[in-house]
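First comes the structure, then the notes that go with it.
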Amino acid sequence: MASRSSLRPPRRFACVMALVLSGLMLGMGAAQAQTFDATNLHGPQDLAATWLLHSGDDPAYAQPGFDDSHWLPFDSTDLLKNVIKNEQPSIVWYRLHVKVDPNQTELALSEFYLSDAFEIYVNGQRLLANGRVAPFEPYTANASLIRRIPDRQLATGHLVIAARVHITKEQWSATGPGLYANNLTLGQEPVLREHVWLKVIGDHLLEWIAWFAGAGLGFVAIALFAAQRRQMEYLWIFLLAVSDVARMPLLCYELFHNVPAGWGLLTGALEIPMGLFYFLTFCAILQVRLSRWLRILMVVAAVGYAISVVAGIAGSVSIPYRIMATAPMTILNVGILPILLVVHWRRGNPEAGILLIPAILQSLVFYVEVTLILVTQIPELLNVGARLQQSLYYAHVGPIRLDWDSLTWILFLLSFAIIILLRSTRISRQQALLEGEVAAAQEVQQVILPAQAETMPGFVVESIYKPAQQVGGDFFQIIPNKTDSSLLIVAGDVTGKGLRAGMLVALLVGAIRSTAETSMEPLAMLQALNRRLLGRGDAQATCLALRVGSDGSVTLANAGHLAPYLNGEPIEMDGALPLGLAEDAEFSVTRFKLSAEDRLMLMSDGVAEARDSKGQLFGFERVQELLQTTQSATQVATAAEEFGQEDDISVILLTRAAALTPALT
């Protein structure tokens, strides 16, 4: 065991240590006595000085005559963690002695982002406050608060600024809790207010651009979704933009007014669906099916993010734990999404390649931010991490701060806009091709339809056709038989509308003409048309075929079509299946005779199903009433069209002439 004398240091070493300690004491005294000189301010100046620091709480600390000589010196450009290392007090006091010109007026103090609960005293008088320090009641800290210092205090030539600051557990886990050099600024009040305005604009310009761009893109997206209901990505983009823009009023208000921290639940509640809508947008664009496990992860992500929001408002959880709570949402948006984009881009999806650039940038920024947060949790790397964070968060291009979140969001919006533009261009080209095909089909349909009015031996035939679209689904053919002076009329209505219906019409008209070359019998005609439609998917049609002999005898075969009207009264006939449903379908056959000047009216269901603006149908009663007063197919079709056309309208009026032409022998 060493002797007592061996523990005594050499005399020379003791002298050196005494000199060093004396120097440190003198330096500490100088630091404590340092006064910030504000007698010659030429503009707003941050109070980046050596303050005096003390943990604990006592109202006497605010008084100008309080003896602060025993307090710790604290350079506000340094980190509080470098001064207070072994404890995390909830309340810390700061004091600074400021020399001012007694003749100065309009001198004001500005505060920004000091804490969510603090009080600022000048010569013992409370000048600024935010929230409640004790008992703790947090407020937001995004607003710059400006208060003029009373002239009577300036007249003393000396100010003691005392700051009572509440520091939460979460803030202690951050890099720089408590007071920092740029939290408090001294200057003339008008100049300070102008300075604050310019700072707010420069710090939030990118964020505002992102908001307005998102709102515009959201309106475009919902308009596209209204026209293309299957493109779910447009709905998700709209909801994502709405959720983001909905936060704008409160966030803008917080730039100028601090509000209770509980209000953050409103913006936090919108951030949760934003994260989910963001993920769903990409899944819809990439056509990724949401598996059961992916849905579970989305629910867990929403719950974790909600916990993080609540914990952040209370300030009771350290930042690493909040990072853990938001990990599921992070895995979705900066973990899974970039991988999906790379995979689909390599598979040849150009839209994935467009979105990959902002996705990679967002992921990179996020990983850098998390890495720096974790680095600052290591005491030996605290200062290095703090400097890197300062470089990342406060990078500027001129007066504009590079807000990386807003910048990546702007890039995403630009990518979405490019995708929408490319899709619109592609759809326009396809539309042009389709319009050309429709025009060609329309020309073909006009060619294959009979003339509106024809006079045949013994008969007068009037027909009118009004398609609901450019290409209709109604069809009819009027074929005279020169051998026996009979007349074959075939009329029908295919299912559907547009180009597909027009193609079926062309198919059936061709089949009608080819069948008529071998047989003019109505039943044989329907059987041939039925065979032609079988095996063509859901291709179906109602059809009516009738043959009128030179003596007025009529044979009518029906396949689910509307009954004709004889002199304004519907003909009774049995029901039957439409064409194309069954190979062995049976079609009803009805026989009757036309006398001289009898009128036989054939029409499609587009007449009776016309609907006015109130939703009222034209109906069969109006049809029958109309046929009592009119003898024109055109008048019937026009009446239905003017009432409110919704489907193709075709009407054929056959009148047996008074003087019949004898049959050829």
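Regarding the chain, what are the three Cα extents along the principal axes, ordered largest first, in Å?
Result for the chain: principal-axis Cα extents of 152, 65, 40 Å.
How large is ³J(HN,Hα) for each residue in the range 113-125, as worked out from phi by the Karplus curve 6.51 cos²θ - 1.76 cosθ + 1.60 (θ = phi - 60°), to whole Hz, x for Gly and Pro?
Per residue, the Karplus-derived 3J(HN,Hα) values read 6, 6, 5, 7, 7, 7, 9, 10, 10, 10, 6, x, 9 Hz.
In whole angstrom, note down how far apart the Cα centers of the range 456-505 and the range 389-428 are.
58 Å
Each residue of the range 240-255 in turn: what ³J(HN,Hα) in whole Hz from Karplus with 6.51, -1.76, 1.60 and θ = phi - 60°, glycine and Pro shown as x?
5, 5, 5, 5, 6, 5, 4, 7, 4, x, 5, 5, 5, 4, 5, 6
For the range 70-75, in order, what is each residue's ³J(HN,Hα) by Karplus, 6.51 cos²θ - 1.76 cosθ + 1.60 with θ = phi - 60°, in whole Hz (x at glycine and Pro)?
Computed from phi, the couplings for the range 70-75 are 8, 6, 7, x, 9, 7 Hz.
Give me the percent relative contact order of the chain, please, defined on Cα pairs under 8 angstrom at least 6 residues apart. Display every interim value, and only then the final one.
Numbers: 1167 pairs, mean separation 59.2, N = 665.
Across the chain, relative contact order equals 9 percent.
Place +1 on the Cβ of every Lys and Arg and -1 on the Cβ of every Asp and Glu in the chain, take the dipole about the Cα centre, and give the residue among PHE620, ALA633, LEU290 whose Cα lies farthest towards its positive end.
The one lying farthest along the dipole's positive direction is LEU290.
Order these by the 10 Å Cβ neighbour count, fewest first: CYS252, CYS283, CYS543.
Ranked by crowding around the Cβ, least crowded first: CYS252, CYS283, CYS543.
I'd like to compare 566-573, 39-46: which one has the highest average count of other Cβ atoms within 10 Å, and what's the full order after that?
566-573, 39-46
Ignoring everything except DSSP H segments at least 4 long, calculate the 222 nm mean residue ellipticity for the chain; use -39,500 (n - 2.57) per segment, divide by total residues, nearest 500.
One gets -15000 deg cm²/dmol as the mean residue ellipticity at 222 nm.
Ignoring trypsin sites (Lys or Arg not before Pro) that are buried or in helix or strand per DSSP, and keeping those with at most 10 other beta carbon atoms within 10 Å, what is the longest stretch of the chain between them?
Segment 86-228 is the longest.
Report, by chain and number, residues whose modeled amide H sits under 5 Å from the one on LEU290, excluding near sequence neighbours (fewer than 5 apart, same chain).
Residues meeting the criterion, in which the H sits 1.01 Å from N, do not exist here.
Would you grab the residues whose amide H sits under 5 Å from the one on GLN377? Only those 5+ places off in sequence or on another chain, please, with H modelled 1.01 Å from N.
Under 5 Å from the amide H of GLN377 lies no amide H from a residue far enough along the sequence or on another chain.
What does the charge count around ALA163 come to, taking other residues whose C-beta lies under 13 Å from its C-beta (Lys +1, Arg +1, Asp -1, Glu -1)?
Surrounding charge for ALA163 is -1.
Which distance in Å, rounded to a whole number, links the C-alpha centroids of the range 106-170 and the range 529-553?
91 Å
Give me the angle, in degrees from 0 to 90, between the Cα long axis of helix 382-393 and the longest principal axis of the Cα atoms of the chain, rounded to the nearest 10.
Roughly 40 degrees between the two axes.
On a 0 to 90 degree scale, rounded to 10, what angle separates helix 189-227 from the longest Cα axis of the chain?
So the inclination is approximately 20 degrees.
Under a Cβ-Cβ cut-off of 15 Å, what is the net charge of the residues other than GLN63 that fall near it, where Lys and Arg count +1 and Asp and Glu count -1? Walk me through the intermediate numbers first.
Working: positive: ARG95, ARG126, ARG164; negative: ASP57, ASP58, ASP67, ASP68, GLU119.
Neighbour charge sum, excluding GLN63 itself: -2.
In whole angstrom, note down how far apart the Cα centers of the range 332-383 and the range 237-307 are.
Their Cα centres are 18 Å away from one another.
Taking K and R as +1 and D and E as -1, what net charge do the other residues with C-beta under 13 Å from the C-beta of LEU341 add up to?
Result for the neighbourhood of LEU341: +1.
What are the extents of the Cα atoms of the range 449-656 along their three principal axes, in Å, largest first?
48, 44, 30
Within the chain, how many Lys pairs sit with Cα atoms under 26 Å apart, leaving out pairs fewer than 8 places apart on the same chain?
For the chain, the number of qualifying lysine pairs is 6.
Only the coordinates and a few stated rules stand behind these numbers; no lab work does. As the structure is a computational prediction, the values presented were derived from the model and not from experiment. Heads up, the Cβs are rebuilt from the backbone with ideal geometry, glycines too, and the neighbour counts pull from every protein chain shown.
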